[in-house]
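The values are calculated or read from the model by the stated rules, or taken from the named source; none is laboratory data. None of these values were measured; they are calculated from a predicted model. Because the Cβ atoms are built from the backbone with ideal geometry, glycine has one as well, and the counts that use them run over all protein chains shown.
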Amino acid sequence: MTPRKKNPLAPPRARFVQTVVEVEGRTETRVVELPAFEPAPWTADTPLSIVGTSPPRVDAFEKVTGRARYSADIVRPGMLHAVLVRSPVAKGTVVSIRLEAAQKMPGVRAVMGPGDAPPTTRLFRRDISYAGQPLAAVCAESLDAAERAACTLAAALHIEVAPHVVTVDDALAPGAPLVRKTGNSTEPDVVERGDVAQGLAAADVTLNREYRTPVALHSALEPHGAVCEWNDDHLTVWESTQGIFRVRSDIAKALGMPQAKVRVLKDYMGGGFGAKNGAGAHTFTAALFARQLGAPVRCINDRRAEQTDSGNRPSTIQKVTIAARRDGTLTALVLDAHIPLGISGWEGGPAQIFHELYSCPNVRTTETCVYINASGMSAFRGPGYVEGAFALESAMNALARALQMDPVALRRKNLATHDERTGRAFSGNRLDECYVEGMKRFGWTSPVSRLSSSVSRVKRGSGVAAQTWPTGGGPPSYANVRINSDGSVDVLAGTQDLGTGARTILAQIAADTLGAQLNTVRAVIGDTERLPYTGNSWGSMTTPSVGPAVRMAAEEAKTHLLEAASQLLDVPVERLSTHDSQILSDSVVSLSFSELCRRLGNVQITGRGSRGPNPELAVVTVGAQFAEVEVDAETGIVRVLRLVAVHDAGRIINPALAESQLHGGIIQGVGYALFEERHLDRALGVTLNANLHDYKVPTMADVPAIDASFLNGADPAANHIGARGIAEPPIIPTAPAIAAAVADALDVEIGEIPLTPWRVLGALAQ
Amino acid sequence: MRFFVNGSPRDVDPERSPTLLAALRDQLGLTGPKLSCDHGECGACTVRLAGDPIYACLTLTAACEGASVQTVEGLADGRALHPIQRAFITHDATQCGFCTPGQLMAAAALLERTPHPTEDEIRAAMSGNLCRCGTYPKIIAAIRAAALDADDVP
């Protein structure tokens, strides 16, 4: 572990060191800057007055008055509209496309087809490998004109159709058409610890199960979109994204230009959930048309494109073997998983949680990714862990039933005391307390001692599941704090607020550090040109990554502020402090920030902060959720009555906003458990429910009573603000908790979600 | 074609913008109502027509001649926020905020029709407005609070 330097003057310069960071569950070693100093950690006892409270979102007024502007709300003078033409088939070749007819239509300014875009953009390729792939585009004076021309272009496509595969079985069948030149699957990725054969031999009970999870679609209400505008050779992009700097580098690479000439702006965004982590076909299309036509161009996905080609949570087929002694001690866990990624994607599969959630000496996981002719996957809130938790936690619940044991007791018996995957100690892990608190809030009684379900057709049941997720965040992340000549404060960090509340909590951290009133502090985010670098808002990383950088910047600014006050007041700096935007001398108010800054004139007080390296510890957010359901055994309809969630995420910066994150994860988890499933037609290879009517996301009428809470405390070993991430953890245990409650109600295990009526009835009929 | 938007007479060309949503956004610059599904599935475009919540993406501009339309931009009385807007702020009933204008218009219409809705009435009235961030519990709390708040203001 790197020692924290408390003295701001030593060492005088930053150094560079290696650190381990986790991104979306994957571990990477990076070289990072070691800040010249890091503040002493805020512990659970540190008195804080703004951090830990729930002021309203700083941008709430804009959001409730309709003034918050999203990408599609950006209007530039002379702006044109671009629409993509997408493949209607899953595999084939574009033989030809006649562009002329569309080109001549009223309002149409330009058309692009195969060969018209630089290969680095991967736009408009002749080889078709999934339905929905962009094949051509049109740019017109109105969206209406562009859409009409796009229809004409679509009709002018001559495609030679080829056989496709969209299921695992079809993709792996002998002689299957190749999705990628290298083959239709990856080499199995095997990760093992201990000796599984020995673990199985030592077991009193061994269960084998197969679990299946669906393809889930992010379905952010704001579609992907961008507005691009050139000024000479300088490009400005308004993009709905979770990563402005990533979009900038994507564009710079694809268009062969320096990053300094690309400016990416993002003020408000309407949800991302993992699907908006880089530039896309819409970005490149808008940028290319804008350059060609010398006018700003807007390109926004329509809903069909959004539900077809903007990423997804891949489905899984997971074969699980779970083995334990009669007293519940786990002796072996085995997972063999197949994950159809689409045409591309990364191997962030379900295995990891099998290695991390429980103490188990013998674990072997095998993941095989399969390529199919469907749009590629992308990260979706808790990628891999959500799918893995459904299998692992369902297997744990099956084991509890087989052992006639309370599923909570089974889990508490197998608590991980350290990260058995890496051998690292936890910075903090209070999962056991989450179980205890959750049982209390839920009124949990062991199913073993409960009376069996009533004979009525509507049956009730309860279930539990748990979660872990790496939420340490890490460097690099930078922030600046600037105190203006009227004493107001700007926090400058090139991060983004997806709706999580980053803008608010960064202002809270800066205000608390400076001793400033929150309403004098403004967080400025979302601009690659004028703000310091921070990473993507993914992996529940923004709070633990950018938060410490903001605190450090504010600490430095406060040091300078007090030095200046010391000179003005002729009082030693040690006797000065700050509170409520006032300088206190021996705890007596002597000067307001505004008066001090007025006297200083245009002397600018600034502070610079960066996120230091991570400790050599496993930093995780953990939690337990309890569900109660009602199942109509005649109709198969499952209704979730209530959900209790207790999570441990270290310090909570803003409890109201954190609670909203729990609600959001849980409600998406309800959708994953009960309704959400992309239907990809096997024969046609197209998505049958690429809209928000047939792809069912939860409505207000579907949402149960939710009691979501955090354990109080802080995790000063994780980083110096003591906070871990919270956005992804809550979706992870929801579906297995609901499935367990359904199994409890019906006395039938259902190994496949979503638990739609026909699936429930099918299981009951067996 | 003339109609009344947020209390003011406005003229739009229905030929240029066949749907009310397009007319509001593209011709009048009222970008509060959002284009998200374009098929009446999500409610992000919800505005009020003669007081009723409607999907602006499914409403023909030409059918609104002479009618009164209210968008989120017209919900506040000058700087004074509508009780439902205040309640959305204090109950953190927004996350990304994209669906918020539609939620607010549906909620305002509900409260006018049913000043003291039960939770079931709220769920039924609001289930045509999707929120992918999952803000529903807080929207319910905000609507209940706004109903009480309105009692305090004579």
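Here is a check on your reading of the model: is B:T118 touching a Lys or Arg at 6+ places or on another chain (Cβ under 9 Å) and not hydrophobic (A, V, I, L, M, F, W, C)? Full working, then the answer.
Values: touching a Lys or Arg at 6+ places or on another chain (Cβ under 9 Å): no; not hydrophobic (A, V, I, L, M, F, W, C): yes.
Spelling it out, it is not the case that B:T118 is touching a Lys or Arg at 6+ places or on another chain (Cβ under 9 Å) and not hydrophobic (A, V, I, L, M, F, W, C).
If we keep just the residues of the stretch A:227-261 that are crowded, with 23+ Cβ neighbours inside 10 Å and either assigned by TED's automatic domain parsing to the domain that holds A:Q496 or β-branched (V, I, T) (or both), which is nearest to the chain's Cα centre (by Cα)? In this case the residue turns out to be A:T241.
The single condition among (1) surrounded by 16 or more Cβ atoms within 10 Å (Cβ to Cβ); (2) out of contact with any Cys (no Cβ under 6 Å at 6 or more places or on another chain) that A:G499 does not satisfy is (2).
Taking the stated definitions as given, is A:I339 under 22 Å from A:E752 (Cβ atoms), in contact with a Lys or Arg (Cβ under 7 Å, 6 or more places away or on another chain) and in contact (Cβ under 8 Å) with a residue 12 or more places away in the chain? Judged against the criteria, A:I339 is not a match. Candidates B:A63, B:A23, B:A44, B:A109: the one that is touching a Gly at 6+ places or on another chain (Cβ under 7 Å), more than 27 Å from A:D497 (Cβ to Cβ) and modelled with pLDDT of 95 or more is B:A109.
Highlighted here are the helices (runs of 4 or more DSSP H) found entirely within the stretch B:52-154 that include at least 2 residues which are more than 9 Å from every other protein chain (Cβ to nearest Cβ) and surrounded by fewer than 20 Cβ atoms within 10 Å (Cβ to Cβ): B:100-113, B:119-126, B:136-152. Evaluate the stretch B:33-45: report whether one residue or more is out of contact with any Phe, Trp or Tyr (no Cβ under 6 Å at 6 or more places or on another chain), of a type outside the set (S, T, Y), over 24 Å from A:L692 (Cβ atoms) and not assigned by TED's automatic domain parsing to the domain that holds B:T135. No, the stretch B:33-45 contains no residue that is out of contact with any Phe, Trp or Tyr (no Cβ under 6 Å at 6 or more places or on another chain), of a type outside the set (S, T, Y), over 24 Å from A:L692 (Cβ atoms) and not assigned by TED's automatic domain parsing to the domain that holds B:T135. Restricting attention to the stretch A:281-326, the residues that are in a loop (DSSP other than H, G, I, E, B) and more than 28 Å from A:R411 (Cα to Cα) add up to 9. Answer yes if at least one residue in the stretch A:180-199 is in contact (Cβ under 8 Å) with a residue 12 or more places away in the chain, under 27 Å from A:G328 (Cβ atoms) and crowded, with 21+ Cβ neighbours inside 10 Å, and no otherwise. Yes, the stretch A:180-199 contains at least one residue that is in contact (Cβ under 8 Å) with a residue 12 or more places away in the chain, under 27 Å from A:G328 (Cβ atoms) and crowded, with 21+ Cβ neighbours inside 10 Å. Being within 14 Å of another protein chain (Cβ to nearest Cβ), buried (at least 16 other Cβ atoms within 10 Å of the Cβ) and either under 30 Å from the mean Cα position of the chain (by Cα) or of a type in the set (D, E, K, R) (or both) is a condition met by at least one residue of the stretch A:82-98.
Of all residue pairs spaced 6 or more apart or on separate chains, those with beta-carbon atoms under 7 Å, a first member in the stretch B:22-37 that is farther than 19 Å from A:P223 by Cβ and a second member that is part of a loop (DSSP other than H, G, I, E, B) and among the β-branched types (V, I, T) are B:A23/B:V12; B:Q27/B:V12; B:L28/B:V12; B:L30/B:T71. What about A:I738, is it more than 21 Å from the chain's Cα centre (by Cα), under 28 Å from A:S540 (Cα atoms) and among the β-branched types (V, I, T)? So A:I738 fits the description; yes. Which one is nearest to the chain's Cα centre (by Cα) among residues in the stretch A:464-483 that are among the polar types (S, T, N, Q) and buried (at least 24 other Cβ atoms within 10 Å of the Cβ)? Ranking the candidates gives A:T471 first.
Can you pull out the residues in the stretch A:18-59 that are of a type outside the set (V, I, T) and under 22 Å from the mean Cα position of the chain (by Cα)?
The initial filter retains those residues of the stretch A:18-59 that are of a type outside the set (V, I, T), namely A:18, A:22, A:24-26, A:28, A:30, A:33-42, A:44-45, A:47-49, A:52, A:54-57, A:59.
Across the stretch A:18-59, the qualifying residues are A:E22, A:E24, A:G25, A:R26, A:E28, A:R30, A:R57, A:D59.
Looking only at the stretch A:327-348, which residues are among the hydroxyl-bearing types (S, T, Y) and part of a strand (DSSP E or B)?
First, the residues of the stretch A:327-348 that are among the hydroxyl-bearing types (S, T, Y): A:329, A:331, A:344.
Within the stretch A:327-348, just A:T331 meets the criteria.
Scanning the stretch B:7-50 for residues that are out of contact with any helix residue (DSSP H, G or I) (no Cβ under 8 Å at 6 or more places or on another chain), of a type in the set (G, A, S) and more than 12 Å from chain A (Cβ to nearest Cβ) yields B:S8, B:A50.
Looking at this structure, is A:I706 touching a Pro at 6+ places or on another chain (Cβ under 8 Å) and buried (at least 24 other Cβ atoms within 10 Å of the Cβ)? No; evaluated as a whole, the condition is false for this residue. Could you please let me know if A:R76 is among the basic types (K, R), part of a loop (DSSP other than H, G, I, E, B), at negative phi and surrounded by 22 or more Cβ atoms within 10 Å (Cβ to Cβ)? Criteria not met by A:R76.
Could you tell me whether the stretch A:201-219 includes any residue that is away from chain B (no Cβ under 14 Å) and free of Cβ contacts under 8 Å to residues at least 24 places away in the same chain? Looking for residues that are away from chain B (no Cβ under 14 Å) and free of Cβ contacts under 8 Å to residues at least 24 places away in the same chain, one finds at least one in the stretch A:201-219, hence yes. Note on the stretch B:114-154: residues that are touching a residue at least 60 places away in the same chain (Cβ under 8 Å) and of a type outside the set (D, E) amount to 6. When A:V646, A:V620 are checked against the criterion of being assigned by TED's automatic domain parsing to the domain that holds A:H720, within 19 Å of the chain's Cα centre (by Cα) and part of a strand (DSSP E or B), A:V620 stands alone in meeting it. Name the pairs whose Cβ atoms lie under 7 Å apart, with the first residue in the stretch A:53-81 and more than 30 Å from A:T285 (Cα to Cα) and more than 8 Å from chain B (Cβ to nearest Cβ), the second buried (at least 17 other Cβ atoms within 10 Å of the Cβ) and β-branched (V, I, T), and 6 or more positions between them or separate chains? From residues that are more than 30 Å from A:T285 (Cα to Cα) and more than 8 Å from chain B (Cβ to nearest Cβ), the pairs are A:V58/A:T504.
Residues checked against (1) more than 11 Å from chain B (Cβ to nearest Cβ); (2) of a type in the set (D, E, K, R); (3) out of contact with any strand residue (DSSP E or B) (no Cβ under 6 Å at 6 or more places or on another chain):
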position	(1), (2), (3)
A:A624	yes, no, no
A:A627	yes, no, no
A:A683	yes, no, yes
A:P704	no, no, no
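Of the residues that make up the stretch A:252-263, is at least one touching a Gly at 6+ places or on another chain (Cβ under 7 Å), part of a helix (DSSP H, G or I) and not basic (K, R)? No - not one qualifying residue is present in the stretch A:252-263.
Got at least one residue in the stretch A:539-547 being surrounded by fewer than 24 Cβ atoms within 10 Å (Cβ to Cβ) and out of contact with any Gly (no Cβ under 6 Å at 6 or more places or on another chain)?
At the first step, the residues of the stretch A:539-547 found to be surrounded by fewer than 24 Cβ atoms within 10 Å (Cβ to Cβ) are none.
Among the residues of the stretch A:539-547, not one is surrounded by fewer than 24 Cβ atoms within 10 Å (Cβ to Cβ) and out of contact with any Gly (no Cβ under 6 Å at 6 or more places or on another chain), which makes the answer no.
The numbered conditions (1) within 14 Å of chain B (Cβ to nearest Cβ); (2) among the hydrophobic types (A, V, I, L, M, F, W, C); (3) surrounded by fewer than 24 Cβ atoms within 10 Å (Cβ to Cβ) are all true for A:L662 except (3).
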